[in-house]
Amino acid sequence: MSADRQGDAFENLLHEERRFPPSEEFAANAVAQPSLYDEAREQGTEFWARQARELLTWDQDFTETLDWSDAPFAKWFVGGTVNAAYNALDRHVEAGLGDRVAIHFEGEPGDTRTITYADLTREVKKAANAFESLGVQKGDRVAVYLPMIPEAVVTMLACARIGAVHSVVFGGFSADALRSRIDDAEAKLVVTSDGTYRRGKPSALKPAVDGALEREGHTVTNVVVVRRNNEPVDWTEGRDLWWHDVVDTASDEHTAVAHDAEHPLFILYTSGTTGKPKGILHTTGGYLTQTAFTHRNTFDLHPETDVFWCTADIGWVTGHSYVAYAPLVNGATQLMYEGTPDTPHQGRWWELIEKYRVSILYTAPTAIRTFMKWGRDIPKKYDLSSIRVLGSVGEPINPEAWMWYREVIGGGKAPIVDTWWQTETGAHMIAPMPGVISTKPGSAQVAVPGIAIDVVDEMGASVPDGSGGYLVIREPWPAMLRGIWGDPQRFKDTYWSRFDAMYFAGDGAKKDSDGDIWLLGRVDDVMNISGHRLSTTEIESALVSHPSVAEAAVVGATDETTGEAVVAFVILRGSAKDDDDIVTTLRNHVAKEIGPIAKPRNILVVPELPKTRSGKIMRRLLKDVAEGREVGDATTLSDPTIMQQIAVSLRK
Ligand code: WTA
């Protein structure tokens, strides 16, 4: 968003006068009390040492809380050893909680599984044994390309148990995207399934893995395949193995060995401002501490009674932190749902909440806006009285959607916690503690206790209340990324070079007159489509890789439902200009190169692109066109008539 438009949007938000304090009852029983903020302020990094010891079971205690001597490469909980899977599983069983439900699984077709902590521990031990028998060792990378089924969590925890590093690739990514991630991480094993169910029909996953591994020169020795939808699959003998053959038959005895606090836990690829996705690296002790801490405090988790539901796919960081790790480390009961919200009907989510008595719901504004469009009559048909806390993540939530969420889903009483964070931050960074802070529609409000958030100007100086600038993090935090896989220089350049000694998040933000923080969207070439990060450059590269495209420019345009939508401007080569189906062809080409989520909403064929004299595409002007606005200042263009030419060509 341009600075002007961010400014306008913010002026409207400034008129937000509504405040919702927690009820007395909620505040009295809340996990996070006002003293938490005081303790965090007074204790500095020792606050996190205390949390680490309280929330996790360490094999060997750490000797130093933070080593920042090689900044920006942090080491947290130095000398400590810990096993993530032991913390998520075995210790709960040892504490007598083996019968507690860890996961209520509901498949899209309606099949269900109830998995207790004892069950899940057994499954993970078997999978750990199976992976080890396939030669996977500590430090090896495992690519995970699975739908939202329990085996996804089992696979991630089995990797963590043996010290292998998982790299989950979202099932909506294409074979090519999967291959580039497999190559970058040099994965030894791939875990996938025959497929899943999508909108009432079987949908395939295995063909993408076959496609990814078709070309020689990869590092994968085996592919383990979960049977989910029983569709026929191609089989490569010697490479492919059924999960039920290797995991189900493995021993369910496996002792977890503790790993160093800084042992790599996972790599997760995310879009940056260049065409090449970044492999964000997270390690063990700090990540587990902050995800468990925020899961408890932000969501006011009472593990004995709550049923938690995070609707994110495990292919994204939200599914890592708040499905696979934190809820299990905290011994919570959670719901996992495989399918889409409108199958077989638009009330599916509310039906699930009623059925499982979900008390904490964590979802994205895009979903909320979609439900708003479908109408409040649908959720009204269900008993949603179990809901106590509502979470939001992934993109700014507009006050209208916030109010609808509160009234229609939260019965006018459940506090809403708007959580700002990123793949890179690993866990919540800005979020109101629900029993302490009076919430405000549309604002993520205040830093999580123990986190140093600020908004700064171009020069890196803190802005006063009532002003805007760039969102930064001033102090290292436990769940921070430890780098970009294989590219330490890019890590420094991307996050630590814009401002001196501060982490630059890439988001614009403002402080209101109370000092509360409002997120205003990305300030770089990263788009946010339905809460999913996509880079303009990545989609442009995909478009120009098609022989019919001479040049392409991509912008994110405001979209009522998805927040932003991809709009592409392309210049075609010779004969392609007469091809009536070219737009469809190109949309499918992007889906093949990156994945269906990256398909442009609109592709506009233009004769030229607006460029400055130095040849830089002026995306700002294209964004004006894409959003149907009057085109802004075009005087710095090398050819000032270009915008008229574009307008004329689009009217045809
Ligand atoms: C955006 C998702 C406003 C932001 C957890 C950030 C948000 C990017 C919020 C990270 C929020 C996330 N309000 N914007 N509550 N949460 N964002 O890595 O632009 O997929 O930089 O992590 O999403 O997206 P990512």
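The values are calculated or read from the model by the stated rules, or taken from the named source; none is laboratory data. In this text the structure is predicted, and so the values were computed from the model without any measurement. Every residue, glycine among them, receives a Cβ derived from its backbone with ideal geometry; neighbour counts consider all protein chains shown. Keep in mind that these areas ignore ligands, DNA and RNA; they rest on the heavy atoms of the full protein, side chains included. Shrake-Rupley method; radii C 1.70, N 1.55, O 1.52, S 1.80 Å.
Annotations
- With a Förster radius of 22 Å applied to the beta-carbon distance between residue 221 and residue 183, the computed FRET efficiency rounds to 0.90.
- Area accessible to solvent at residue 210, 1.4 Å probe radius, in Å²: 30 Å²
- Accessible carbon and sulfur surface of the stretch 415-555 relative to its total accessible area, %, 1.4 Å: 49 percent
- Leading residue at positive end of dipole, the chain (Cβ point charges), from 481, 625, 85: 625
- Around the Cα centre of the stretch 493-543, unit charges on the Cβ atoms of Lys, Arg, Asp and Glu (plus for the first two, minus for the last two) sum to a dipole of about 60 debye.
- DSSP-defined antiparallel bridges as percent of all bridges, the stretch 218-365, nearest 5: 45 percent
- Between residue 380 and residue 252, residue separation times 0.36 nm minus the direct Cα-Cα distance comes to 41.6 nm.
- Euclidean distance of C-alpha centroids, the stretch 535-601 and the stretch 230-299, integer Å: 32 Å
- Contour minus Cα-Cα distance for residue 474 and residue 583 (0.36 nm per residue): 34.7 nm
- Calculated FRET value between residue 649 and residue 560, using beta carbons and R₀ = 22 Å, to 0.05: 0.25
- Here r is the Cβ-Cβ distance between residue 514 and residue 230 and R0 is 45 Å; the resulting FRET efficiency, rounded to 0.05, is 0.20.
- Relative contact order for the stretch 88-187: 23 percent, from Cα pairs under 8 Å spaced at least 6 residues apart, divided by residue count.
- Share antiparallel - DSSP beta bridges, the stretch 541-652, percent rounded to 5: 75 percent
- Relative contact order, percent, the stretch 477-553 [alpha-carbon distance under 8 Å, six or more residues apart]: 13 percent
- The alpha-carbon of residue 126 sits under 12 angstrom from the alpha-carbons of these aspartates and glutamates, leaving out residues fewer than 8 places away in its chain: 151, 245, 248, 252, 253.
- Partner lysines whose Cα lies under 25 Å from the Cα of residue 75, excluding those fewer than 8 positions away in the same chain, are identified as 138, 278, 492.
- Placing pseudo-labels 7 Å out from each Cα toward the beta carbon at residue 638 and residue 304 gives an inter-label distance of 7.1 nm.
- Extension reserve of the residue 214-residue 137 stretch, reckoned as 0.36 nm per residue once the Cα distance is removed: 25.2 nm
- Projecting the Cα positions of 290, 47, 266 onto the charge dipole of the chain (unit charges on Cβ atoms of Lys, Arg, Asp and Glu, taken about the Cα centre) puts 266 furthest along the positive direction.
- Size of electric dipole in the stretch 428-545: Cβ of Lys, Arg +1 and of Asp, Glu -1, about Cα centre, debye, nearest 20: 300 debye
- Measuring nothing but how far apart in sequence close Cα pairs (under 8 Å, 6+ apart) lie, relative to its length, the chain scores a relative contact order of 13 percent.
- DSSP bridge pairs, the chain: antiparallel proportion in percent, nearest 5: 60 percent
- Cut-off 20 Å (backbone N to label point 7 Å along Cα→Cβ of residue 497), residues of the stretch 44-77: 70-74
- Probing with 1.4 Å while keeping every protein chain in the model, the per residue accessible area of the stretch 436-503 equals 36 Å².
- Using the average count of surrounding beta-carbon atoms within 10 Å as a protection proxy, the listed peptides 247-259, 18-30 rank, highest first, as 247-259, 18-30.
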